[in-house]
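Just below is one structure, and these are the notes that go with it.
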Amino acid sequence: MVFVEMGRRKKRSVFNVDGVMDFFNNVMMEKPYLPLLIPLVLMLWALEKWIFSLSNWVPLVLAVWVTVQHRNYQHRMAVEDLNKKWKRFALSSSAETPLEHCEWLNKLLIEIWSNYINPKLSLRFQSIVEKRLKRNKSRLIEKLELLEFSLGSSPPRLGLQGTRWSTFGDQQVMHLGFDWDTTDISIMLLAKVAKPFFGTAKIVINSLRIKGDLLLMPILDGKAILYSFVSTPEVRISIAFGSGGSQSLPATELPGVSSWLVKLLTDTLAKTMVEPRRQCFSLSAVDLRKKAVGGIVYVTVISGKKLSRSSLKGSPSRRQPSSGVDGLREHSDDKDLQTFVEVELGELTRRTNVRPGSSPRWDSTFNMILHDNTGIVRFHLFEHTPGRMMCDYLASCEIKMRYNTDDSTTFWAIGPDSSVIARHSEFCGKAVEMVLPFEGVNVGEFIYFLDFKIQVQLLTHSQSSLNGSSNFLSRTGRRIIVKVVEGKDLITKDKSGKCNPYVKLQYGKVLQKTKTAHSSNPKWEPSFEFDEMGDGEYLKIKCYTEEVFGDDSIGSAHISLEGLVEGSLRDVWIPLEKVNSGELRIQIEAVRIDDYEGSRGSSYSGNGWIELVLIEAKDLVAADLRGTSDPYVRVQYGNLRRRTKVMYKTLNPKWHQTLEFPDNGSSLELHVKDHNAVLPTSSIGDCVVEYQGLPPNQMADKWIPLQGVKRGEIHVQVTRKVPELEKKPSVNPDTSLTKAHQISSQMKQMMIKLQSLIDNGNLEGISTPLSELEALQDIQDEYMVQLETEQMLLLNKIKELGQEMLNSSPSLSRNSFGS
C-alpha cells in the first residue's frame, strides 16, 4: 500500500477556512477536556437566565481565553516551522566527515572477486545485457546472440581518493570513487550482419573502462543499500571482430559498432543508476535458497489531493502562490479538472476511470504480472478534456521493488527533493504503504494508495538459457497441461460491440488454438498438452477477435512455467498486455509423463512407428503475385525428411498422403512451402505435431494453426502404431528388388530428360520433369522408411523370441550365465 505526496502549495483567499479548521483541530488535540467545558458553559448560562444573574465578566473571560489559546497556537506553529527550517539548514550545512583511506576494501575485493563476486555478477548481468542488446540493436546488425559473458579477474577499484560520509536530509550518504579499468573481460556476441553486408561476425568486448563518483545509502536500518552515480560516468569500450587474440579483425570491419555499444551502456547507466535513479542491494540475514521467477502485483490507486492544473503543467512563473480573486478563480478552474492515472508495469498498462475535481478519488484495483524478481511500477497522471481525442500528460512517479533471498520484499522510490523513501515487507504477499511525490513537481499534493500483494513461485535454482531461444530445447520428462478457462473484460473493436475471441498458445515450437467464442466474457475450458522444456521457455499467449476482413489482436501475455510442483494446480488470472483491459484465467499443471501415461491407460513401452496422414490445409497465405500458392509440406522428423506432392494454384490444398516414421521420440515438424520451378521456395507457415502423449493405436485428428504467418491451418491425423509384426504387411524380397530397380531407372530417365531440356534452353518445360522427379524422390523416401521400419520390427521380434527361449529353457539360461 502506498501513498504519494506532492510538495504543498499555500493559497491565500479572502477567508481562510482551512486555517480556522486547523486551529480548532489543534485546540481539540491540545485541550481534550474542551468538550466537557461546553456543557458547563450551558449550565452557567441556564443559571444566569433562570436562577440568578451573573455579572458581565463571563463573556469577557471567554473572549480572553480564546485569544490566549489562539496566540499559543500561532506561537507553537512558528516554533515548529523554525525548528524544521533549522533542521534543514543544519543537515544541509553539516560538516562532512574527513576522507578515509580504504586500501583494505580494495584488497578484500581482490580476494573475493574471482571465486565469489565475478560468477554471481556475471550470471546476473548476462540476461540483462542480452535483453538490452536485442532490444536496441545497431542498424548494421539483424540478429544478435550472446555466446560468452565473463567480467574477468580484475575487480573495480573503489575510493582511490578516500571515502567520506555526508548527510542529505535525514539520510546518511557515503561518497567514494569508482574506477573499473579491465582488459581481461570476455563478452562475445554473435551478430548476423544486416544488408547490404552478408554473413555473421563475432564481436568480442575485450576492454572496459567505467569511471565516476558513487553514492551508497544505507536504508531500512541496514537491511539494504541503495547505490547510484552522482553524474553520468565516463565509459570506454574496446572491441574486436573474430575469435579474439591474434586472429582478431580490426574494429573498422563494422563501423559504428563500438560507438553503438558505448552509447547503449552510457544510456543504460544514465536511465537506471544516475541520481536520482538508484539500484538496491539487499543485505539479507538469511538465504532461504529461493529464487523468484515471477509473481502477481495487486495495485490499488485510491485518490489525489489538491491537484492544480497550473501547478502540474504551467510555466514556472504561473506556479507562484496567488491571492485574492486570482486564487478563487484558480480554485474554481481546478474543480473542472478531470484526471485519470495510467499504471505501467513492463509492457502491461491499465487506466483508472476519469474523475473530476482537484481531489479526485479513483478507487481502482489492477491485477498485474511481474516476470522477474525485480520490477518498476510507474504511475502517469493525465488530464482528460471532454470532446478531445488526446489527453494531456501532467506528471508521473514510480516505485521499484525487489524480492530478497530471505522471502522479504524491498520497495523504494524517489522522495521530496530527491530524498529516499523505502519500505520493507517481511514476507512475500504483505501489503506495503508509502507516500510518493511526483517527479520534477514541487507544488501540489498527490496521494496514491497502492496495495501490493506479490505471489511468487520459489525455486532452489533456475536454468536460464545463456544463448536465448534455441532450435532444440532440453525436455524434463514432464508434461504441462494448460487449460484456458475463461476471459473477462476483453476489448471490442467492432462498432456494434460484438466480440468473437479465441486464444493461441505457443510453447517452444508447439502452437495450439482454442475455439472461437462469441462474448467479451467468454468461457472455453479446453486443455492443451506440452512437453516441458528446461531452458526457461515462456508460455506465450495471444488473444484475437475473429473479424470478416482479418482477425485483430486484442492482447497478449507470457507466463514463466518455472517452479511448477507436480500435483499442484496453478490457477491465475493473467492480464493482457498492449491493451487497456482484458484478463484470461489460465490453469496450469505439471505431471510426470510415466504417471500421466499410466492414468490414460497406456501400457506400451516398446518401439513402434508414427503414422502421419496429411489431409488438407485451409486459408493459406498467398505467396504468388496472382494471389495463390503452390503448396506442399516438408516433414522433418529427427534426421529424416519427407515431403508431399505439390498442389498448384490453391490456398486450400488437399493432399491425403500418408507418411510413416520409426518412433524414436523426435520432434515432428511440418513446414508448408510454396513451390517455385526456378526461384527459391518460400515458407507459408510451419507447426509441430504433438504425438508423444497419444495412447498406442489411437488416432488423433487435429487442425493445427501455422506459425510465422498471419493465417492458415493444416489438417492432420497422427497415430502411434504398436510394433505387431503380424499386423504390418511385410515386404517381399523379390518385389523389393524389382521396385528398387524401377525407381532407379525412372529417376535416371527423368535426369536425362531434364538435362536435354536445359541444353535446348527450354526453361518453361523444366517444371513438369522437376515435379515428376520430386514425386519419385518421395516414393523412394517412403519405400526406405518402410524398409527401415520392417528391419526394426524384425530385430525387436528376434530379441523377444530370444528372451522367450532363455526364459523357457533353464539349462540354457544357466549355461549362458555360466559362460
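The values are calculated or read from the model by the stated rules, or taken from the named source; none is laboratory data. Computed from a predicted model, the values in this text were never measured in an experiment. As a convention, Cβ positions derive from the backbone with ideal geometry for all residues, glycine included, and neighbour counts pool all protein chains shown. The accessibility values were calculated without ligands, DNA or RNA, using every heavy atom of the protein model including side chains. Shrake-Rupley method; radii C 1.70, N 1.55, O 1.52, S 1.80 Å.
Here's the yes/no breakdown for (1) within 15 Å of residue 208 (Cα to Cα); (2) open to solvent by 40 Å² or more (accessible area, probe 1.4 Å); (3) in contact with a His (Cβ under 8 Å, 6 or more places away or on another chain):
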{"position": "114", "(1), (2), (3)": "no, yes, no"}
{"position": "121", "(1), (2), (3)": "no, yes, no"}
{"position": "129", "(1), (2), (3)": "yes, yes, no"}
{"position": "157", "(1), (2), (3)": "yes, yes, no"}
{"position": "166", "(1), (2), (3)": "no, no, yes"}
{"position": "182", "(1), (2), (3)": "yes, no, no"}
{"position": "186", "(1), (2), (3)": "yes, no, no"}
Within region 683-699, identify whether any single residue is in a loop (DSSP other than H, G, I, E, B), out of contact with any strand residue (DSSP E or B) (no Cβ under 8 Å at 6 or more places or on another chain) and polar (S, T, N, Q), and answer yes or no.
no
Pull out all pairs, ordered by first then second residue, where Cβ-Cβ is under 9 Å, the residues are six or more apart or on different chains, the first lies in region 620-649 and is over 14 Å from residue 681 (Cβ atoms), and the second is open to solvent by 40 Å² or more (accessible area, probe 1.4 Å) and of a type in the set (Gly, Ala, Ser).
628/622; 638/665; 645/775
Looking only at residues in region 520-551 that are touching a His at 6+ places or on another chain (Cβ under 7 Å) and open to solvent by 50 Å² or more (accessible area, probe 1.4 Å), which one is nearest to residue 479 (Cα to Cα)?
538
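Yes/no matrix, rows are residues, columns are (1) of a type in the set (Asp, Glu); (2) crowded, with 16+ Cβ neighbours inside 10 Å; (3) at pLDDT 80 or above; (4) under 22 Å from the mean Cα position of the chain (by Cα):
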| site | (1), (2), (3), (4) |
| --- | --- |
| 554 | no, yes, yes, yes |
| 570 | no, yes, yes, yes |
| 585 | no, yes, yes, yes |
| 612 | no, yes, yes, no |
| 622 | no, no, yes, no |
Scan of region 264-298 for residues that are touching a strand residue (DSSP E or B) at 6+ places or on another chain (Cβ under 6 Å), modelled with pLDDT under 85, open to solvent by less than 30 Å² (accessible area, probe 1.4 Å) and in a strand (DSSP E or B), ordered by number
292, 295, 297
Against the conditions (1) buried (at least 19 other Cβ atoms within 10 Å of the Cβ); (2) assigned to a loop (DSSP other than H, G, I, E, B), where does residue 369 fall short? Just the number, please.
(2)
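Yes/no matrix, rows are residues, columns are (1) of a type in the set (Val, Ile, Thr); (2) in a loop (DSSP other than H, G, I, E, B):
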position: 493; (1), (2): no, yes
position: 544; (1), (2): no, no
position: 548; (1), (2): yes, yes
position: 555; (1), (2): no, no
position: 567; (1), (2): no, yes
Which condition does residue 517 not pass, out of (1) assigned to a loop (DSSP other than H, G, I, E, B); (2) open to solvent by less than 40 Å² (accessible area, probe 1.4 Å); (3) over 19 Å from residue 704 (Cα atoms); (4) modelled with pLDDT of 85 or more, if it passes all the others?
(3)
Failed condition for residue 327, given (1) surrounded by 15 or more Cβ atoms within 10 Å (Cβ to Cβ); (2) at pLDDT 80 or above; (3) out of contact with any helix residue (DSSP H, G or I) (no Cβ under 8 Å at 6 or more places or on another chain); (4) over 27 Å from residue 127 (Cα atoms), with all others met?
(2)
Members of region 633-654 found to be more than 16 Å from residue 776 (Cα to Cα), open to solvent by less than 70 Å² (accessible area, probe 1.4 Å) and not in a loop (DSSP other than H, G, I, E, B), listed by number:
635, 636, 637, 640
Do we find that residue 498 is at pLDDT 70 or above, among the basic types (Lys, Arg) and outside any strand (DSSP E or B) in this structure?
yes
Whether any residue in region 244-254 is of a type outside the set (D, E, K, R), modelled with pLDDT under 85 and buried (at least 19 other Cβ atoms within 10 Å of the Cβ) is what I want to check.
yes
